[in-house]
1. Checking Thr371 against (1) open to solvent by 20 Å² or more (accessible area, probe 1.4 Å); (2) farther than 21 Å from Gly64 by Cα; (3) in a helix (DSSP H, G or I), only one condition comes out false. Which one?
2. I'm trying to understand the selection: among the residues of segment 250-273, which are among the basic types (Lys, Arg) and free of Cβ contacts under 8 Å to residues at least 40 places away in the same chain?
3. Would it be correct to say that Lys311 is touching a residue at least 12 places away in the same chain (Cβ under 8 Å), within 23 Å of Gly47 (Cβ to Cβ) and open to solvent by 50 Å² or more (accessible area, probe 1.4 Å)?
4. Name every residue in segment 164-176 that is open to solvent by 20 Å² or more (accessible area, probe 1.4 Å) and more than 25 Å from the chain's Cα centre (by Cα), in order of residue number.
5. Determine if segment 357-364 includes at least one residue that is out of contact with any helix residue (DSSP H, G or I) (no Cβ under 9 Å at 6 or more places or on another chain) and surrounded by fewer than 15 Cβ atoms within 10 Å (Cβ to Cβ).
6. So how many residues does segment 312-340 have that are over 26 Å from Ser111 (Cβ atoms) and out of contact with any Ser or Thr (no Cβ under 9 Å at 6 or more places or on another chain)?
7. Can you tell me how many residues within segment 379-409 are of a type outside the set (D, E, K, R), more than 20 Å from the chain's Cα centre (by Cα) and assigned to a helix (DSSP H, G or I)?
8. Would you mind finding the one in Leu330, Leu376 that is crowded, with 19+ Cβ neighbours inside 10 Å and either in a loop (DSSP other than H, G, I, E, B) or charged (D, E, K, R) (or both)?
Amino acid sequence: MSTGTASNNTAPARPRLTALLGAAAAVLMTASLQAQAADPIKIAYNGDISGSPSAESGQIGVLGIGGAVEDINKRGGVLGRPLEFLVRDDLGQPPKAIQNMTDLIDREKVSVVFGPTNSGNALAWKHIANQKRMPVLVSSASSTAITEGPSNGNYLFRVSMVDREQAAALLAYVKKNPEAKAVGFFVETTGYGQAGLKDLEQIAALHDMKPVSIEKFDARDTDMTSQLSKAKAAGADTLVVWAQAAPLGHLVRSMEKLDYFPKVFTTWAASFSGFPEVAGPKLMEWPVFLTTSSERKSAQAESLFARIGPKLANPSMFWAASQAYDTVLLWAAAAEQAGDTKGEAVRAALEALNKPVAGMVKTYDKPFSTTQHEGLTAADYHWSRWKDGKVVDFNDPVLAGLQPADFKK
């Protein structure tokens, strides 16, 4: 009413009023946009952090992601917005993992999911991520099948070990090692072990390599002398082992009982706490195994370790924090490149990153494509062993001579 009176009695008031209203509207719109921009971007981890022996890598992965969130928020967040990190424990159970994934996508409206810890859980819910166009960056689970999917609808990417890539690396070394004249395969009877055996047999065939012995054991077995006696009788001087941490420990203790010490090459499971706890301080130093980063060699890594090191029960599993940290950097780079956090835009950017991303494990220069969603391959892995209670680099002339063409898969 007062506005109408003013406009009737004072002609110049109309343009002034219009200008003031326009200015006020602009201020309100700017304030609204700023408030919206300041809203946090929700990101989440969905994995086992309490339910199985693998939970150890989940716990450390969460610390690594948290460290990356802290660093990114210190430099202004992503697209000018801070990150809010949610953690869901799937207890190592596929039904719980599926429930968590649905809740994070539908209720929490997260922009990306990291994890999981266990391969079986990823395989249980990967279809949900793809159907709902939710980017997932896997930071621990290693099953080869996790990132397999249609090139036009696959939202799962990984920065972690891949089972087939581990098999490729291990057998590349064995093939090039002149001292490995007779190789035997030792695997668990679990799904993990049997999938590993399939990869080992297929890649061995590519090398025209035939194992002299293939032995299996239950993951709960504590005495493998029977299987080792068969391998010894077959003349195996080198064993490639696919087992979880504790069974691997019992295997080397059984080797001691027989006084039979063939060279042992195995997966990253040897870096888990369960292996040295069972094997003991001397026998734990026998196997050579794979990790993604066995030693801290950068200021970035030292900074993260200074923050989370006191929280690590097993500091030698810092690799789990390193690769988890890198998954966040890659997602953030993709969101910044896309100018958006929507799933389709981030997926497209991840498949065509236009700038290298300096990570903890390595510098990622176009790590992904429409058909390749693995950030690390066999040639990127670190060869490691236990020494004086720590995981350290393993080096020898065989490793130095390995070429990309040696990693058959």
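1. (3)
2. Arg253, Lys257
3. So Lys311 fits the description; yes.
4. Across segment 164-176, the qualifying residues are Lys175, Lys176.
5. Filtering segment 357-364 for residues out of contact with any helix residue (DSSP H, G or I) (no Cβ under 9 Å at 6 or more places or on another chain) gives 363.
If we keep only those that are surrounded by fewer than 15 Cβ atoms within 10 Å (Cβ to Cβ) too, we end up with 363.
Scanning segment 357-364 turns up at least one residue that is out of contact with any helix residue (DSSP H, G or I) (no Cβ under 9 Å at 6 or more places or on another chain) and surrounded by fewer than 15 Cβ atoms within 10 Å (Cβ to Cβ).
6. Summing the residues that are over 26 Å from Ser111 (Cβ atoms) and out of contact with any Ser or Thr (no Cβ under 9 Å at 6 or more places or on another chain) in segment 312-340 gives 2.
7. The total comes to 6.
8. Values: Leu330 fails: either in a loop (DSSP other than H, G, I, E, B) or charged (D, E, K, R) (or both).
Only one candidate qualifies: Leu376.
The values are calculated or read from the model by the stated rules, or taken from the named source; none is laboratory data. Being a predicted model, the structure only gives us computed values, none of them experimental. A quick note on method: Cβ atoms are made from the backbone with ideal geometry, for glycine too, and the neighbour counts reach across all protein chains shown. Accessible surface is based on the protein model in full, side chains and every heavy atom, while ligands, DNA and RNA are left aside. Shrake-Rupley method; radii C 1.70, N 1.55, O 1.52, S 1.80 Å.
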